[in-house]
Amino acid sequence: MLKIGNLKSGDIIMVNDDGVKREGTVVKTSHEENQALVNNGIQEFWYSPENMEPLPLDESRLIKFGFTKEDLDGLVKYKRDSFRVVAPKNGDFSKIEMWWREDIRNFDFPLSVHEFQNLYLDMTKVHLDLP
């Protein structure tokens, strides 16, 4: 379950569409109705928090966002323009470091895709969309 207040337009989440899970993109949110309008790939539909869940951040998601991969000693660096993400080589995204210019942030817990998108926006002032 996701909190409506944590979602922004363009965030990628998972929705439960009558028992079928689909990846979708938030179009807009309504705090009054406590729902998010999500494009689920077929249509735009309003979803309540209990029908939305986060997608875990992993290498495949970063690659979809246009990051390139560089292997280091025991670590992997993902680069997109001047933005960097470093994670352990074993694919464990529960301990990552990210930076843009002098803004460096460390996380010791797994991030979801929409949280990563919102952190990217906070750091760069540009929303992270799929190319």
Which stretch or stretches of segment 5-21 have amide N atoms under 19 Å from the point lying 7 Å from residue 126's Cα along the Cα→Cβ direction?
9-12
Give me the net charge of residue 112's neighbourhood, meaning all other residues with Cβ under 14 Å from the Cβ of residue 112; Lys, Arg count +1, Asp, Glu -1.
-2
Over segment 59-124, what is the mean sequence separation of C-alpha contacts under 8 Å (at least six apart), divided by residue count, expressed as relative contact order in percent?
19 percent
Got the relative contact order for segment 4-53 handy, in percent, Cα pairs under 8 Å and 6 or more residues apart?
33 percent
Taking the simple approach of a point 7 Å from Cα along Cα-to-Cβ for both residue 50 and residue 20, what is their distance in nm?
2.2 nm
Placed amide H near residue 76: partners under 5 Å, 5+ positions off or other chain
87, 89
Contour minus end-to-end for residue 63 and residue 94, with contour as 0.36 nm per residue of separation and end-to-end as the Cα-Cα distance?
9.4 nm
Once you sort the root eigenvalues of the Cα gyration tensor of segment 59-124 as a ≥ b ≥ c, which label holds: rounded (a/c under 1.5), prolate (a/b larger than b/c) or oblate (the other case)?
rounded
Ranking 40, 19, 110 by how far each Cα lies towards the positive end of the charge dipole of the chain (+1 on Lys and Arg Cβ, -1 on Asp and Glu Cβ), the top one is 110
P(r), alpha carbons of segment 4-65 - 5 Å bins starting at zero, rounded %
4, 19, 32, 24, 14, 6, 1, 0
Under the definition of Cα pairs under 8 Å and six or more residues apart, what whole-number percent is the relative contact order of the chain?
20 percent
Using the Kirkwood radius over Cα pairs of the chain, the Stokes-Einstein translational diffusion coefficient at 25 °C and 0.890 mPa s, in µm²/s and rounded to a whole number, is 159 µm²/s
How many lysine pairs are close in segment 1-70, with Cα atoms under 25 Å apart and the two 8 or more places apart or on different chains?
8
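Where a number appears in this text, it was derived from the coordinates with a stated rule and is not lab data. Since the model is a prediction, treat every value here as computed from it, not as a measurement. Counting neighbours? That spans all protein chains shown, and the Cβs are built from the backbone with ideal geometry, glycine included.
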